[in-house]
Amino acid sequence: MEISLSLKYIPILITALIVFVIGLAMVIINQVLGPKRPYSEKYLAYECGLPPTGETRHRFDIKFYAIAILFAVFDVEAVFLYPWAITFDQIGFFAYIEMVVFIALLLVAYFYAWIRGGFQWD
Amino acid sequence: MWSSLPSFVAVYPEILLVVVASIMALADRWVKLKDVFAWITIATSVIALIMVFAVEGAVFGNSYAADTYGLFFKMIFLLALIMVTLVSPGYNRMVGIHFGEYYALLMFAVTGMMLMASSKDLILLFLGLELMSLSVYVLAALLYSDLRSLEGAMKYFLLGAFSSAFLLLAITFLYGLTGTTYIDVIAKKVFYPGLADNTALLLSAALFVVAFGFKVALVPFHMWSPDAYEGAPTSVTAFMAVGPKAAGFAAMGRVFIEALYNARVDWVEYLIPLALVTMFVGAILAVVQTNIKRLLAYSSITHAGYAVLGIIAASREGMAATMLYLFLYLFMTIGAFSVVTLFRQKDFLGEEITDYQGLSKTHPWVALVMLIFLFSLVGIPPTAGFIGKFFVFKAAYEAGHHLLVIGAVLASAIAAYPYLRIVMLMYMKEPEKDLAVNVTPYVFAGLIISVVGVLILGVYPEPVINFARTCCAGLIP
């Protein structure tokens with residue numbers, strides 16, 4: 001019984017071995033047969049066409065931070081709205097009022113960001 | 001349909017503050033006369049102050065109780081809000097932070113403190129603490145173009161966030177042991193012999209000491225406070241020195257005295273060395289300061305050390321003494337910081353101690369007012385500072401901590417020097433330069449309240465101490 005159970009996994013082991021061997025073979029054959037015309041850009045890590053390295057303490061625009069905070073406003077709203085919506089028929093009118101209050105408070109943050117020009121990029 | 005709603009009367013003061021603060025933050029753009037916000041803040045605080053005396057009861061499934069203990073602290077917070085608001089218009093206009101959000105943030109912070117003082121549930125306590133802390137972090141960083149301010153606010157924020165983690169961990173341990181976050185239920189479950197000498201409970205108590213130690217700036221958790229106090233706008237510093245500190249003590253009362261009263265043998269052991277070190281480090285480091293805001297920061301550390309003596313006493317009398325102390329401390333500290341704000345000009349900080357040289361010749365009244373606050377901070381009768389110290393020392397002595405009280409008296413002798421040095425500079429030196437003072441009607445009214453508070457409570461503190469005794473009666477079984 002135990003033996004037959006482990007025998008079941010033999011095909012997976014074989015597949016893994018074949019994949020490993022083929023992968024290794026491809027790399028080795030490439031090294032042996034492939035033409036080599038190196039220049040410096042080829043050795044750089046690829047990153048969307050940007051220079052791939054630079055200062056780690058890079059300054060970025062504070063606007064991204066504001067966007068991230070605005071995201072949090074809506075994200076928190078959604079997190080609480082889902083469980084509320086699912087159990088809506090069981091928790092009744094009081095929970096409805098509570099959610100209205102909660103959204104009203106979030107709207108204060110939303111309107112504040114709006115008034116202060118948080119949605120304008122320039 | 002509406003009758004099925006639970007009553008929210010107990011949180012009406014907090015609701016009022018939140019609603020008004022939200023409207024002020026939104027309305028700022030269209031209001032040209034910014035003093036309006038100060039008027040609204042004062043009016044709202046006065047109404048809220050009347051309301052906290054009128055409401056009682058528990059809401060949110062008993063996690064919030066408008067009881068007398070909370071009432072006393074709410075009185076402190078709202079008075080602090082009124083007095084800081086009186087300081088703000090003149091000073092904030094001078095430094096360029098006079099706008100609606102400032103007052104809105106003050107009110108949000110006070111709401112957080114009020115939630116802390118009345119919370120019967122550790123989660124609500126944490127929420128209140130975060131609401132308070134986040135508002136005060138922003139307030140401390142309002143002068144963000146000034147590197148000094150930014151540095152102080154950053155330190156305050158990082159260490160504050162760190163201490164919040166400690167608080168959560170402490171709550172976690174307590175929850176793991178008792179299966180609840182309700183303070184009343186925890187109080188029933190923690191007793192000798194049993195849970196009270198459980199190692200995890202000791203750990204939890206130690207973590208609570210660290211978390212609240214950060215908030216009230218007990219040594220060695222005080223590192224942020226001189227930088228944050230110096231960097232923050234002086235009006236905010238006045239608020240920080242009183243509000244979050246009193247709220248920290250309110251939370252200590254809730255956790256140590258109410259929930260962990262039966263484990264007092266253990267947490268008193270943790271607090272005694274902290275209190276001693278706090279008093280001495282605060283007093284000794286204040287001696288070498290040259291900036292008045294840093295000096296007052298170290299002074300507030302020392303005063304936190306005195307106030308914690310009442311908690312260490314772990315008795316009704318001790319808690320009442322701490323509450324009285326915080327109430328009196330409110331007047332002298334905000335008063336002293338109000339005087340500091342007077343000297344601020346556009347291009348002149350007026351924060352060096354040497355700036356006060358010969359003040360009695362150039363501005364005799366300002367010097368006299370400062371003298372009263374400094375004498376109160378030293379603890380010289382007939383000022384409020386003496387009464388406050390007398391009651392906390394007495395409570396700690398009666399609880400049997402004789403050596404601790406001797407240490408406290410020695411520390412207060414050292415602590416007298418930095419204050420008296422300012423008095424000496426003001427009264428016994430000739431003025432070198434003519435300082436301009438910037439007295440608005442608001443700060444004038446604030447100074448009158450502080451002076452009257454310091455002097456009247458210094459000679460007639462009975463009503464307040466009796467009120468404090470009644471207020472903390474429900475805390476200890």
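The values are calculated or read from the model by the stated rules, or taken from the named source; none is laboratory data. Owing to the predicted nature of the structure, the values given are computational and were not obtained by experimental measurement. FYI the Cβ positions are ideal-geometry reconstructions off the backbone, even for glycines, and counts take in every protein chain you see.
Among B:288, B:236, which is the only one that is without any contact (Cβ under 8 Å) to a residue 24 or more places away in the chain and of a type in the set (A, V, I, L, M)? Talk me through it step by step, then tell me what you get.
Numbers: B:236 fails: without any contact (Cβ under 8 Å) to a residue 24 or more places away in the chain.
Every option except B:288 fails the conditions.
If you go through segment B:24-53, how many residues are surrounded by fewer than 15 Cβ atoms within 10 Å (Cβ to Cβ), in a helix (DSSP H, G or I) and within 14 Å of another protein chain (Cβ to nearest Cβ)?
The qualifying residues number 2.
Among B:273, B:244, which is the only one that is assigned to a helix (DSSP H, G or I) and closer than 27 Å to residue B:449 by Cβ?
Values: B:273 fails: closer than 27 Å to residue B:449 by Cβ.
Matching residue, one of B:273, B:244: B:244.
Check residue B:114 against each of (1) closer than 18 Å to residue B:24 by Cβ; (2) in a loop (DSSP other than H, G, I, E, B) and name the one condition it does not meet.
All conditions pass for residue B:114, except number (2).
In segment B:382-400, is there at least one residue being among the polar types (S, T, N, Q) and surrounded by fewer than 23 Cβ atoms within 10 Å (Cβ to Cβ)?
At the first step, the residues of segment B:382-400 found to be among the polar types (S, T, N, Q) are B:383.
Retained after the next criterion (residues that are surrounded by fewer than 23 Cβ atoms within 10 Å (Cβ to Cβ)): none.
Checked against the condition, which is being among the polar types (S, T, N, Q) and surrounded by fewer than 23 Cβ atoms within 10 Å (Cβ to Cβ), segment B:382-400 yields no hits at all.
Pick from B:108, B:73: which is within 30 Å of residue B:342 (Cα to Cα), in a helix (DSSP H, G or I), in contact with a Leu (Cβ under 9 Å, 6 or more places away or on another chain) and within 14 Å of chain A (Cβ to nearest Cβ)? Steps first, please.
Numbers: B:73 fails: within 14 Å of chain A (Cβ to nearest Cβ).
B:108 is the lone residue from the list that is within 30 Å of residue B:342 (Cα to Cα), in a helix (DSSP H, G or I), in contact with a Leu (Cβ under 9 Å, 6 or more places away or on another chain) and within 14 Å of chain A (Cβ to nearest Cβ).
So, in segment B:313-335, exactly how many residues are more than 14 Å from the chain's Cα centre (by Cα) and aliphatic (A, V, I, L, M)? Before the answer, list the steps.
Applying the first criterion (more than 14 Å from the chain's Cα centre (by Cα)) to segment B:313-335 yields B:313-321.
Subset that is aliphatic (A, V, I, L, M): B:313-314, B:319-321.
The number of residues fulfilling the criteria is 5.
Yes or no, residue by residue, for (1) surrounded by 10 or more Cβ atoms within 10 Å (Cβ to Cβ); (2) part of a loop (DSSP other than H, G, I, E, B):
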site	(1), (2)
A:35	no, yes
A:38	no, yes
A:41	no, no
A:46	no, yes
A:55	no, yes
A:66	yes, no
A:71	yes, no
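Which ones in segment B:1-23 are assigned to a helix (DSSP H, G or I), in contact (Cβ under 8 Å) with a residue 12 or more places away in the chain and more than 10 Å from chain A (Cβ to nearest Cβ)?
Quick first cut of segment B:1-23, residues assigned to a helix (DSSP H, G or I) only: B:2-4, B:9-23.
Narrowing further to those that are in contact (Cβ under 8 Å) with a residue 12 or more places away in the chain: B:9-14, B:16-18, B:20-22.
Passing the criteria: B:9, B:10, B:11, B:12, B:13, B:14, B:16, B:17, B:20.
Using the structure shown, decide if residue B:263 is in contact with a helix residue (DSSP H, G or I) (Cβ under 9 Å, 6 or more places away or on another chain), among the aliphatic types (A, V, I, L, M), crowded, with 18+ Cβ neighbours inside 10 Å and modelled with pLDDT of 95 or more. Walk me through it before giving the result.
Working: in contact with a helix residue (DSSP H, G or I) (Cβ under 9 Å, 6 or more places away or on another chain): yes; among the aliphatic types (A, V, I, L, M): yes; crowded, with 18+ Cβ neighbours inside 10 Å: yes; modelled with pLDDT of 95 or more: no.
When the stated conditions are applied, residue B:263 does not pass them.
Those residues that are of a type in the set (Phe, Trp, Tyr) and in contact with a Leu (Cβ under 9 Å, 6 or more places away or on another chain), I need them from segment B:128-156; list them, please. Spell out how you get there, then give the answer.
We begin by selecting, within segment B:128-156, every residue of a type in the set (Phe, Trp, Tyr); these are B:137, B:144, B:156.
Scanning segment B:128-156 gives a single hit, B:144.
Which of the residues spanning segment B:349-374 are within 19 Å of residue B:289 (Cβ to Cβ) and free of Cβ contacts under 8 Å to residues at least 40 places away in the same chain?
Across segment B:349-374, the qualifying residue is only B:349.
Taking the condition among the acidic types (Asp, Glu) and within 12 Å of chain B (Cβ to nearest Cβ), does residue A:98 pass? Break it down stepwise before answering.
Working: among the acidic types (Asp, Glu): yes; within 12 Å of chain B (Cβ to nearest Cβ): yes.
Here the answer is yes, as residue A:98 does meet what is asked.
Identify, please: which residue in segment B:192-233 is more than 15 Å from the chain's Cα centre (by Cα) and of a type in the set (Ser, Thr, Tyr) and is, among those, surrounded by the fewest Cβ atoms within 10 Å (Cβ to Cβ)?
Taking the candidates together, the pick is B:199.
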